[in-house]
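Structure record follows, encoded as structure tokens.
The values are calculated or read from the model by the stated rules, or taken from the named source; none is laboratory data. Worth saying up front: this structure is predicted, and the values here are computed from it rather than measured. Quick reminder, even Gly has a Cβ in these numbers, built from the backbone with ideal geometry, and neighbours come from all protein chains shown.
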Amino acid sequence: MKLRETTVDSESQRLAQRVAKLEEKLFGVMERNSQLEEEIARLREENTQLREENARLQQQLAAARKNSLTSSKPPSSDMVKPPKPPRKDRKKRKRGGQPGHEQHLRSPFPPEAVNHFEPYMLDCCPDCGGSLRLAKRPPDVLQQVEITDTPTVVTEHQGLAYWCPHCQTLHYGSLPEAVVKAGLFGPRLTALVAFMKGVCHASFATIRKFLRDVVRLDISRGYLAKLIAKVSQSLAAAYAELFQRLPGEAVLNIDETGHKEYREKFWTWCFRAQLYTLFRIDKSRGSKVLVEVLGTEFNGVLGCDYFGAYRKYMREFDVLVQFCLAHLIRDVKFLMTLPGREEQSYGKRVRESLRELFAVIHRREKMSAAGFQKALEAAREQVMKAATTRVPATRPAQNLAKRFHQHGEAYFRFITTPGIEPTNNLAEQAIRFVVIDRRITQGTRSETGRRWCERIWTVIATCAQQGRSAFEFILDSVHAHFGGGSPPSLLPSGP
């Protein structure tokens, strides 16, 4: 009996030990499981942070890759030009004139414009050596233009000396005021220097070399600067006339571009009207420039991009605006470069609706007026629907939808207002010359330089717009300035 009890006790002890070991193992497994759960939670949190960081970096990368195709940035800011689309026939186009294109040849000079005729004769037949007689046919002509060794005329204006025996005084004949005001350079040579400086983007150093090597005149940079100041003064009245006319325009396209003067930032504003273009340089890029130039009662329509200064001016003074659809398309294309599929899909829907709108615009000549208007209205509704429905919760998509909710009608003003362009290309094309000039000449350096640039750029753009010669206008202005006559106008005369 005792042996059995002893055996049972030992078995119980073994079972208790096994239970204790199992409990110990279970506790270890539970502890390990807890550690694994903590590790999993930590990894999940880290994964979430990495996903958020990746999304943020993807958006930053997309923003850094913005170019003139996906934003309002100018083409000159593109670090690398986008590759050209492949040709459909996959054949490289040859240089020069293309098959089927009309040949363009300049018209020859009329006989009255030819200064010298140089005939070339034959003594005998070049083939057989026989005698020849003059044929009643027009000659083989090659007209050649050349400059003279010294393409200038030097005139010495002399005020003759006279002695008055009564007054015992020496008197000199008075030189004409226009001659005195012109100084060393006459009106045409002065206008040429201004043309080279303003139209040809030439530096003072380049103009000095041209005058020294071609015209045989050695002139200092300081004198060239004085010449430019004279021309700038001669253009002041024509510029002021356009400036005063701006607030009364029915339609104005506006754009702006920045440049530096030493370390200060300045902005060149471009105001393009139907008949002229005016430039203004200011320290500000804000709406106060619009108030100073156009006033608070502007009753026309502004064509512009979505920059905040135009929206503020529109909001505060109840001005009608046509926002540029080309800039809008670039912003929509930017959505398609973001990593989110919903954003890409949203961008594609809006882009396709805009494509349909422009397709209607391009078919305008094939449609009746009523049909064209009806098609435009339908296309507008599709754009508004695509931009304001099924909008992703991301910030770029929400911003675009908000833009349509707040200013959707301002994108389609051209549908209801005649004479309005759906894009701001007119102002952007006009300001392109300024960007080129700024890159070549490094911008302005003083108040005098800013006024010169405003006036000469206005003359160049307006003359190009009207098909006039910028050189002839500068020359007329210089003649009037030196002679005290009425300055010419940049506004076209007559119908």
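Among Tyr306, Tyr346, which is among the hydroxyl-bearing types (Ser, Thr, Tyr) and within 20 Å of Asn253 (Cβ to Cβ)?
When all the criteria are applied, what remains is Tyr306.
For region 416-434, which residues satisfy the criterion of being assigned to a helix (DSSP H, G or I) and farther than 24 Å from Leu224 by Cβ?
Those that are assigned to a helix (DSSP H, G or I) and farther than 24 Å from Leu224 by Cβ: Thr416, Asn425, Leu426, Ala427, Glu428, Gln429, Ala430, Ile431, Arg432.
So which residues in region 202-222 are surrounded by 15 or more Cβ atoms within 10 Å (Cβ to Cβ) and not in a loop (DSSP other than H, G, I, E, B), if there are any at all?
The answer is Phe204, Ile207, Arg208, Phe210, Leu211.
With respect to Leu426, is the statement that it is over 30 Å from His327 (Cβ atoms) and aliphatic (A, V, I, L, M) true?
So Leu426 fails the test.
Which is touching a residue at least 12 places away in the same chain (Cβ under 8 Å), more than 17 Å from Ala401 (Cβ to Cβ) and assigned to a helix (DSSP H, G or I), of Leu376, Leu354?
Unique residue meeting the criteria: Leu376.
Hey, can you tell me all the residues within region 241-281 that are farther than 20 Å from Gly300 by Cβ and of a type outside the set (Ser, Thr, Tyr)?
Gly258, His259, Lys260, Glu261, Arg263, Glu264, Lys265, Phe266, Trp267, Ile281
Could you list, in sequence order, all residues of region 449-490 that are more than 28 Å from Ser203 (Cβ to Cβ) and touching an Asp or Glu at 6+ places or on another chain (Cβ under 7 Å)?
Those that are more than 28 Å from Ser203 (Cβ to Cβ) and touching an Asp or Glu at 6+ places or on another chain (Cβ under 7 Å): Gly484, Ser489.
From the list Arg51, Arg44, Arg56, pick out the single residue that is farther than 20 Å from Ala393 by Cβ and either touching a residue at least 24 places away in the same chain (Cβ under 8 Å) or part of a helix (DSSP H, G or I) (or both).
The unique qualifying residue is Arg44.
Which one of Ile228, Ile219, Ile281 is touching a Cys at 6+ places or on another chain (Cβ under 8 Å) and at negative phi?
Residue meeting the stated conditions: Ile281.
Does region 308-324 hold any residues that are of a type in the set (A, V, I, L, M, F, W, C) and surrounded by 18 or more Cβ atoms within 10 Å (Cβ to Cβ), and which are they?
Across region 308-324, the qualifying residues are Ala309, Met314, Val319, Val321, Phe323, Cys324.
Name the one entry in Arg432, Arg413 that is of a type outside the set (Phe, Trp, Tyr), farther than 30 Å from Ala55 by Cβ and within 16 Å of the chain's Cα centre (by Cα).
Selected residue: Arg432, the only one of Arg432, Arg413 that is of a type outside the set (Phe, Trp, Tyr), farther than 30 Å from Ala55 by Cβ and within 16 Å of the chain's Cα centre (by Cα).
Looking only at region 137-178, filter to residues that are surrounded by 10 or more Cβ atoms within 10 Å (Cβ to Cβ), touching a residue at least 24 places away in the same chain (Cβ under 8 Å) and within 30 Å of Gly485 (Cα to Cα); which one of those is farthest from the chain's Cα centre (by Cα)?
Glu177
Check whether at least one residue in region 332-344 is surrounded by fewer than 20 Cβ atoms within 10 Å (Cβ to Cβ) and under 30 Å from Trp269 (Cα atoms), and report yes or no.
Within region 332-344 (the criterion being surrounded by fewer than 20 Cβ atoms within 10 Å (Cβ to Cβ) and under 30 Å from Trp269 (Cα atoms)), the answer is yes, since at least one residue qualifies.
Determine whether region 233-249 contains at least one residue that is under 19 Å from Phe433 (Cα atoms), touching a helix residue (DSSP H, G or I) at 6+ places or on another chain (Cβ under 7 Å), in a helix (DSSP H, G or I) and not basic (Lys, Arg).
Within region 233-249, one or more residues are under 19 Å from Phe433 (Cα atoms), touching a helix residue (DSSP H, G or I) at 6+ places or on another chain (Cβ under 7 Å), in a helix (DSSP H, G or I) and not basic (Lys, Arg).
Please work out which one of (1) under 20 Å from the mean Cα position of the chain (by Cα); (2) more than 30 Å from Leu246 (Cβ to Cβ); (3) not in a helix (DSSP H, G or I) is the condition Tyr306 fails and give its number.
Checking Tyr306 against (1) under 20 Å from the mean Cα position of the chain (by Cα); (2) more than 30 Å from Leu246 (Cβ to Cβ); (3) not in a helix (DSSP H, G or I), the one that fails is (2).
In region 442-464, which residue that is surrounded by fewer than 18 Cβ atoms within 10 Å (Cβ to Cβ) and either of a type in the set (A, V, I, L, M) or part of a helix (DSSP H, G or I) (or both) is nearest to the chain's Cα centre (by Cα)?
Only one residue tops the list, namely Ala464.
Scanning region 100-116 for residues that are within 18 Å of Thr148 (Cβ to Cβ) and exposed (fewer than 10 other Cβ atoms within 10 Å of the Cβ), which turns out nearest to the chain's Cα centre (by Cα)?
Ala113
Taking Ala401 as the residue in question, decide whether it is part of a helix (DSSP H, G or I), crowded, with 16+ Cβ neighbours inside 10 Å and without any contact (Cβ under 8 Å) to a residue 40 or more places away in the chain.
The answer is yes for Ala401.
Could you tell me whether any residue of region 371-384 is within 24 Å of Glu342 (Cβ to Cβ), over 28 Å from the mean Cα position of the chain (by Cα), surrounded by 14 or more Cβ atoms within 10 Å (Cβ to Cβ) and at pLDDT 90 or above?
Yes: region 371-384 contains one or more residues that are within 24 Å of Glu342 (Cβ to Cβ), over 28 Å from the mean Cα position of the chain (by Cα), surrounded by 14 or more Cβ atoms within 10 Å (Cβ to Cβ) and at pLDDT 90 or above.
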